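Structure record follows, encoded as structure tokens.
The values are calculated or read from the model by the stated rules, or taken from the named source; none is laboratory data. Bear in mind that the values here come from a model prediction, so they are computed numbers and not experimental data. Don't worry about glycine lacking a Cβ; one is built from the backbone with ideal geometry, like all the others, and counts go over all protein chains shown. To get the accessible areas, we keep the full protein, side chains included, count just its heavy atoms, and leave off ligands, DNA and RNA. Shrake-Rupley method; radii C 1.70, N 1.55, O 1.52, S 1.80 Å.
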Amino acid sequence: MLTTITIVAFSPTGGTRQAAVFLAKGLAQHIQEVDLTLPEAHPLNFTKEDLVLFAGPVYGGRIPACMTDKLKKIRGNQTPAIIAAVYGNRAYEDALLELNDVVSEQGFKPLAAAALLAEHSIIHKLAEHRPDAWDQACLADFSNRILEKWETGQREIISVIPGSRPYKAWKSSPNVPVVSDACRRCGLCAQKCPVQAISKNSPSDTDPEKCIQCMRCISICPAHARSLPEQVLAVLGEHLQSFAGLRKENELYL
Ligand SMILES: Cc1cc2nc3c(=O)[nH]c(=O)nc-3n(C[C@H](O)[C@H](O)[C@H](O)COP(=O)(O)O)c2cc1C
């Protein structure tokens, strides 16, 4: 076991963080966390002696652009890293490769990579309740394999990471959450929105230009007043129907 690992994660509804914690627990006694989901920027520097686990959710086969922007404020100095793209049972496409490229550009040396499953934050029946006990066991085993590699002094990913360049084009959606009468205007959604898309004075106003549909405001609203429009959910549910009945497994690269 290593002494300390730092998780740097963007996790609007918690699935990405949960998967990262399962992996990190098998690697080090102490876990430090840098939460890129908070609206503030995080200029940070790491050294050769650190180990950093970068974890991001997959949106449309990519890493969210706002996460990439925040990663560009973090510098490594040949710092060993592990990368994880966490997706909701459809596909991760170019996200893991993109995460690899961004952190490498910032001075990190990825030595292991993983495409992990977590409950789909919009269509919850996909990968429902994951990561689960089986995922946890798989990640514990993967941690051991990473530690074995670490002890031999190898510091590079051997396998090819799936994905292609140029990355898949990101298609934005104009659909923002709708707000019901249950809203108490407490402002928590505006405070926690990673991209500051929600008006602090009028929380029912969400800027469609800024909103990334990350579902954070919906998942944290204490009054359950926010949701995606029913029609949007119906279309998306239909589109993703074929991924609901199957169980994809974590893909691990060393
Ligand atoms: C806007 C958006 C786009 C998504 N696109 C994909 C996708 O392309 N493939 C997939 O399998 N899951 C997709 N998902 C599901 C998320 O990748 C998955 O639920 C992830 O675990 C969410 O992370 P979080 O719980 O840390 O917010 C998407 C979710 C959102 C909100």
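Would you mind working out the accessible area per residue for the chain, using a 1.4 Å probe, and quoting it in Å²? Let's see the in-between values first.
Numbers: 12310 Å² over 254 residues.
Value returned for the chain: 48 Å² of accessible area per residue.
How much net charge surrounds Leu236 when only the other residues with a Cβ under 12 Å from the Cβ of Leu236 are counted, with Lys and Arg +1 and Asp and Glu -1? Write out the running numbers ahead of the final one.
On the way: positive: Arg90, Lys125; negative: Glu230, Glu238.
It works out to a net charge of 0.
Provide the solvent-accessible area of Cys186, counting protein heavy atoms only and rolling a 1.4 Å probe, rounded to the nearest 10 Å².
Surface open to solvent at Cys186 totals about 90 Å².
Pop out the carbon and sulfur fraction of the accessible area of the chain as a percent, whole number, probe 1.4 Å. Could you put the intermediate results ahead of the total?
Values: 6240 of 12310 Å².
Carbon-and-sulfur percentage of accessible area, whole number: 51.
Rounded to the nearest 20 Debye, what is the dipole magnitude of the chain about its Cα centre when Lys and Arg each give +1 and Asp and Glu each give -1 at the C-beta?
Details: 27 positive and 27 negative charges, 72 e Å.
Here the chain has a charge dipole of around 340 debye.
Mind listing which GluC sites (Glu not before Pro) in region 1-62 are in a DSSP loop and have 16 or fewer other Cβ atoms within 10 Å? Walk me through the numbers on the way to the answer.
Numbers: sites: Glu33, Glu40, Glu49; in loops: Glu40, Glu49.
Passing both the DSSP loop test and the Cβ count: Glu40, Glu49.
For region 107-177 and region 51-93, write down the distance between their C-alpha centroids in whole Å.
Here the answer is 9 Å between Cα centres.
At 222 nm, what helix-only mean residue ellipticity would the chain give, in deg cm²/dmol to the nearest 500, using -39500 (n - 2.57) for each DSSP H run of four or more? Mind dumping the intermediate values first?
Numbers: 7 runs with 68 residues, N = 254.
Dividing the helical sum by the residues of the chain leaves -8000 deg cm²/dmol.
Please compute the modelled spin-label separation between Asn201 and Ser159, points set 7 Å along Cα→Cβ, answer in nm with one decimal.
5.3 nm
I need the trypsin sites (Lys or Arg not before Pro) found in region 126-211, filtered to DSSP loop residues with at most 16 other beta carbons within 10 Å of theirs.
Details: sites: Arg145, Lys149, Arg155, Lys168, Lys171, Arg184, Arg185, Lys192, Lys200, Lys210; in loops: Arg155, Lys168, Lys171, Arg184, Arg185, Lys200, Lys210.
Counting only loop positions with at most 16 other Cβ atoms within 10 Å, the trypsin sites (Lys or Arg not before Pro) in region 126-211 are Arg155, Lys168, Lys171, Arg184, Arg185, Lys200, Lys210.
Considering the Cα trace of the chain, what is its radius of gyration and what is Dmax, both in angstroms?
18.2, 60
For the pairs Lys109/Lys192; Lys72/Lys168; Lys171/Lys248; Lys149/Lys192; Lys48/Lys72; Lys73/Lys168, note any where the Cα-Cα span goes beyond 27 Å.
On the way: Lys109/Lys192 31 Å; Lys72/Lys168 20 Å; Lys171/Lys248 24 Å; Lys149/Lys192 38 Å; Lys48/Lys72 18 Å; Lys73/Lys168 24 Å.
Pairs exceeding the cut-off: Lys109/Lys192; Lys149/Lys192.
Note down the net charge around Arg247, summing +1 for each Lys or Arg and -1 for each Asp or Glu among other residues with Cβ under 11 Å from its Cβ.
On the way: positive: Arg130, Lys248; negative: Glu128, Asp132, Asp135, Glu249.
Around Arg247, the charge tally is -2.
Which GluC sites (Glu not before Pro) in region 194-254 sit in a loop by DSSP (not H, G, I, E or B) and have at most 14 other Cβ atoms within 10 Å of their own Cβ?
Details: sites: Glu209, Glu230, Glu238, Glu249, Glu251; in loops: Glu209, Glu249.
Of the GluC sites (Glu not before Pro), the ones in loops of region 194-254 whose Cβ has at most 14 other Cβ atoms within 10 Å are Glu209, Glu249.
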